[in-house]
Structures are given as structure tokens and as C-alpha cells.
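Note sheet for the following structure.
The values are calculated or read from the model by the stated rules, or taken from the named source; none is laboratory data. Model, not experiment: these values are computed from the prediction. Counting neighbours? That spans all protein chains shown, and the Cβs are built from the backbone with ideal geometry, glycine included. Ligands, DNA and RNA are stripped out before the accessible areas are found, and what is left, the full protein with its side chains, is counted by its heavy atoms. Shrake-Rupley method; radii C 1.70, N 1.55, O 1.52, S 1.80 Å.
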Amino acid sequence: MAKQLAAVLGTGQTYYVAKRHDVTMAGMIREAVDRAMADAHVGWDDIDAIVIGKAPDLFEGSMMPELAMSDALGANGKPLLRVHTAGSVGASTGNVAASLVQSGVHKRVLAVSWEKQSESNAMWALSTPVPFTMPVGAGAGGFFAPHVRSYIRRSGAPDHIGAMVAVKDRRNGALNPYAHLKQGDITVESVMASQMLWDPIRFDETCPSSDGACAIVIGNEDAAKEILSEGRKVAWIHATAMRTEPLAYAGRNVANPQAGRDAAAALWKAAGITDPLTEIDEAEIYVPFSWFEPMWLENLGFVPEDQGWKFTEAGETAIGGQLPVNASGGVLSSNPIGASGMIRYAESAMQVMERAGDHQVDGARKAFGHAYGGGSQYFAMWVVGTDRPTN
């Protein structure tokens, strides 16, 4: 069977905060699910399968919470599939859901990702000794700080670049009603004055720990036509890609991982894109620590190696720049880890559907969503557009 077309019909998010003590995990998830289904104009009878994704169970202290939530997830009597690729899981979940539609197996699939970090502690979970693998010992920041130092040393980037990214994303987050951190008055000086946590990563260059959930409804061409017939837009999925590499091996380039380069190359080819910098109108890139913006701009092929920081410094990643990056505020403004990748997907879809509200990028017709996970070893990404794909 030929590959079928697929599109995002609707998206839903919770309001991201540090601690959702007012709802159970199931209740929190249903907020996002109900909003996505309302946005897609569908009911439970219209959903053929559910694909879920979340980060490691220790992040919430509950093993396989989905076992007790099939009812809340609307999965009773339907296929339920869980995806797990560490921090990239939200995006990987979107890719798997899309593949179930593109394969012709289902007409509409609901994808849900979430994290309720307040019920455990991700820093502790990442520092727990694990058999047969390299210890982290200092959480994600301690693990990734040497990668950032490697990038700075190689590229010659000045110290203030990370602060510039943090200011841009937090100010964007102030425009997003769902964002956890809203800091419209943040400045480069205030970021540079914040506490050093893991040299060179400062407190204000670091993502928060958030509770929250995100959901998207993906449908085939017939389902998309039903939405279009109502005079509303869908986000056509032009291409998806995932690639993986080991956690550690001799000569590994941690500042520009091979799996990321390979995934991006495959994505651009599948989407028929020859120059992503001019053809992508808005990019939702997974940036949990501010320095990863210039690093991933290079890794994804938007700019040449060692030039990412110059692109950022020139203001080209701000709303109104050549390539707006994280108009939503990104992971630096909201970080329910299991959902963070799916938020990138939802926000990219919202841009091309013109449903992004105050952080809408004018004229956004083609957008990019991205996530990475593990030790920068799992990559998932997609391109969505206003126009029906022809390739």
C-alpha cells in the first residue's frame, strides 16, 4: 500500500506549572486530551488508537502509570501503545502516531505525552546508579555542561550567547498562556548575574521542572478534508525522521552528534527541502539549556558548523528574524520532560494552522519540530505545513 497522507487535526495542552497538586496524573492528562479533541472537532468514537509517551518512570516515581489509566486515556477496547526514547519521547510519540495513519492502519490516532515531576525528582532519578552504563551523577545539567564547553571551545563563541537565547525564549514564553515561566522583563545582564550551576550553564539558562501534558490528534486525508470543509486549517505532515546513536564511543562528537545530522538530512530529503534556512518559517527546537540553540542550528543544517552562535547573536532566531526559533518560549519556558518534545510538535502545528495566538509568526506556512533525548543520542523531528504535500 502506498504511504497515506497524514495531518494534525488538533492540539491540546495543559497550563505548565511546577506542581499540579490539584489533579491526579489522569486528570492532568485529560485536560490536554479534551482540549486536543475539541480543537480537532472529534469525539471518542472517532479515535481509533492511542499512542502515549513519557520519560523514565523514576521521574514520577510511578512504574507504568498507564496501567491504571486506560479509561482516562480513552483506550478501553482500543489499541494502546507506549513509546519511550528518554527526553525525545514526546516527539517520537508523534512520529509513531503519524506512522499508524500514514500506513493506512488507522484513520485518526490520539497521541499523548506528559510528566508530573512534582511526584518525584528528575535530578535524583538521573543520578541513581544504573547497572552496565556510565554514571551521570549530576543530573542532566552536569552531563551536558561539558558538551557546551566543547562547543564554546571549538566555535569561539563569546560568553553572552547563552544569555541571549534565554532572554529571547523567556520573553517569548511571556506571550504564551500555557508557558510555565513568563519573564517579559528578563535581560542579558540579569541572566549573566544569575547563579552558575554547571559551568558555563547559569540558573537562568536552564529549563524549569514542570508538570503538564500535551496531546495531538492526527488523521488521514479524509479526516483532514472534514476539517478543511469547515473552513479550518490542518497541519499536513510533510516528513518525519528518527535516528539513534550510542551513549558513548571513541571519537564521539557530543557537540554535533551524528544521529542528529543523519536525522535532519533524512528529514529534509523526505520533505523535499533543499535549503531549510529559507524554506522553514518557524522552528521549535529542543533547547533545555540555552547554549543548545546555536549547537542544534548547526547540527540540523540550518547554518554551517561554528556559525550557529553568530546567527543567534545577530537576532535572527527572534520572532521577526530570518528563522524564528521557539516562538512558544520553548523548553526553557516549560519542561514537563515526557511532553516537551510533543509540545514542540504541537506548537509547530499551531503555527501553520494559525492558532498560536500572541506568539504567532506572521506568514508561517512550513514549520519544524524537534526533540533529542538520552545523552544527545535519540533524535526525532518533523516538518508540517499549511499546504498539502506533493512529494
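Can you flag which of K233/K269; K168/K310; K54/K182; K54/K269 are past 22 Å Cα-Cα? Mind showing how you got there, number by number?
Details: K233/K269 25 Å; K168/K310 15 Å; K54/K182 25 Å; K54/K269 29 Å.
K233/K269; K54/K182; K54/K269, as the Cα separations exceed 22 Å there.
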### Query
Label points 7 Å out from Cα along the Cβ direction at K3 and A270: separation in nm?
0.6 nm
### Task
Take every DSSP beta bridge with both residues inside the chain and express the antiparallel ones as a percent of the total, to the nearest 5.
70 percent
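On a full-extension model of 0.36 nm per residue, what is the gain between S118 and D262, subtracting their alpha-carbon distance, rounded to one decimal in nm? Kindly include the intermediate steps, with their values, before the conclusion.
Values: separation 144, 0.36 × 144 = 51.84 nm, distance 3.53 nm.
Extending this stretch completely gives an extra 48.3 nm.
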### Structure-based [θ]222 nm, the chain - -39500 (n - 2.57) summed over DSSP H runs of at least 4, per residue, nearest 500
-10000 deg cm²/dmol
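With a 1.4 Å probe and all protein chains left in place, how much accessible area per residue does the stretch 184-280 have, in Å²?
43 Å²
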### Spin-label model distance (nm) - E354 vs A38, 7 Å beyond Cα toward Cβ
2.2 nm
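Which order, highest average first, do 105-116, 189-200 follow once you tally other Cβ atoms within 10 Å for each residue and take the mean per peptide? Before the final figure, lay out each step's value.
Details: 105-116: 26.5, 189-200: 14.3.
Descending packing order for the listed peptides: 105-116, 189-200.
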### Karplus 3J(HN,Hα) series, Hz, for the stretch 361-374 with 6.51 cos²θ - 1.76 cosθ + 1.60 (x for Gly, Pro)
8, 4, x, 6, 10, 9, 10, 10, x, 8, 8, 10, x, x
### Message
Explain nothing, just the number: relative contact order of the chain, from Cα pairs under 8 Å at least 6 residues apart, as a whole percent.
### Response
25 percent
### Message
Here are a few candidate values for Cα extents along the principal axes in Å: [x] 54, 44, 43; [y] 61, 45, 38; [z] 86, 46, 39. Which one was actually calculated from the structure I just gave you?
### Response
[x]
### Query
For the pair Q307 and R388, how long in nm is the line joining their label points, each one 7 Å along Cα→Cβ?
3.7 nm
### Query
In straight Cα distance, which lysines are under 16 Å from K107, not counting same-chain residues fewer than 8 positions off?
K3, K78, K225
### Message
Quick check: net charge around G94, other residues with Cβ under 12 Å of its Cβ, Lys/Arg +1 and Asp/Glu -1?
### Response
-1
### Message
Can you give the local net charge around G104? Use residues other than it whose beta-carbon is closer than 15 angstrom to its beta-carbon, Lys and Arg +1, Asp and Glu -1.
### Response
0
